[in-house]
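As structure tokens, the structure follows; a few thoughts come after it.
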Amino acid sequence: MKMKSHSGASKRFHKTGTGKFLRKKAGKRHILTSKNRERKRRLSGSVVVDSTKTAALGRLLPYA
């Protein structure tokens with residue numbers, strides 16, 4: 001039987017060509033008026049997921 005990808009994880013993470021997972025930084029969704037522009041700029045962009053979570057994400061996203 002074909003496995004299914006975890007739909008919540010597939011919306012939040014994606015895999016690079018080298019097999020690493022990328023994620024967005026938390027804290028840039030709402031209440032942005034009280035955060036200064038340096039903080040908002042720091043929260044933009046993607047970062048690599050910690051290596052301790054890579055195996056768990058691999059199970060959630062078998063076809064990523």
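Using the structure shown, decide if Thr16 is without any contact (Cβ under 8 Å) to a residue 60 or more places away in the chain and either touching a Phe, Trp or Tyr at 6+ places or on another chain (Cβ under 7 Å) or open to solvent by 90 Å² or more (accessible area, probe 1.4 Å) (or both). Against the criterion (without any contact (Cβ under 8 Å) to a residue 60 or more places away in the chain and either touching a Phe, Trp or Tyr at 6+ places or on another chain (Cβ under 7 Å) or open to solvent by 90 Å² or more (accessible area, probe 1.4 Å) (or both)), Thr16 does not qualify.
In summary, Ser10 fulfils each of the numbered conditions (1) in a helix (DSSP H, G or I); (2) more than 14 Å from the chain's Cα centre (by Cα); (3) polar (S, T, N, Q) with the single exception of condition (2).
Quick grid of which residues meet (1) at pLDDT 95 or above; (2) open to solvent by less than 70 Å² (accessible area, probe 1.4 Å); (3) small (Gly, Ala, Ser):
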| position | (1), (2), (3) |
| --- | --- |
| Met3 | yes, no, no |
| His6 | yes, no, no |
| Arg12 | yes, no, no |
| Lys20 | yes, no, no |
| Arg23 | yes, no, no |
| Leu32 | yes, yes, no |
| Arg37 | yes, no, no |
| Ser44 | yes, yes, yes |
| Gly58 | yes, yes, yes |
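Would you check which residues across the stretch 46-56 are assigned to a loop (DSSP other than H, G, I, E, B) and open to solvent by 60 Å² or more (accessible area, probe 1.4 Å) and list them? Spell out the reasoning first.
Initial filter on the stretch 46-56 (assigned to a loop (DSSP other than H, G, I, E, B)): 49-50.
Asp50 - this is the single residue of the stretch 46-56 that is assigned to a loop (DSSP other than H, G, I, E, B) and open to solvent by 60 Å² or more (accessible area, probe 1.4 Å).
Under 7 Å by Cβ, and 6 or more places apart or on different chains, what pairs join a residue from the stretch 1-13 that is under 12 Å from Arg23 (Cβ atoms) with one that is part of a helix (DSSP H, G or I)? If the second residue must be part of a helix (DSSP H, G or I), the pairs left are Ala9/Leu57; Ala9/Leu60; Phe13/Leu57.
The values are calculated or read from the model by the stated rules, or taken from the named source; none is laboratory data. Keep in mind that what you see is a predicted model, and the values were worked out from it rather than measured. Cβ: placed from backbone, ideal geometry, glycine included. Neighbour counts: every protein chain shown. To get the accessible areas, we keep the full protein, side chains included, count just its heavy atoms, and leave off ligands, DNA and RNA. Shrake-Rupley method; radii C 1.70, N 1.55, O 1.52, S 1.80 Å.
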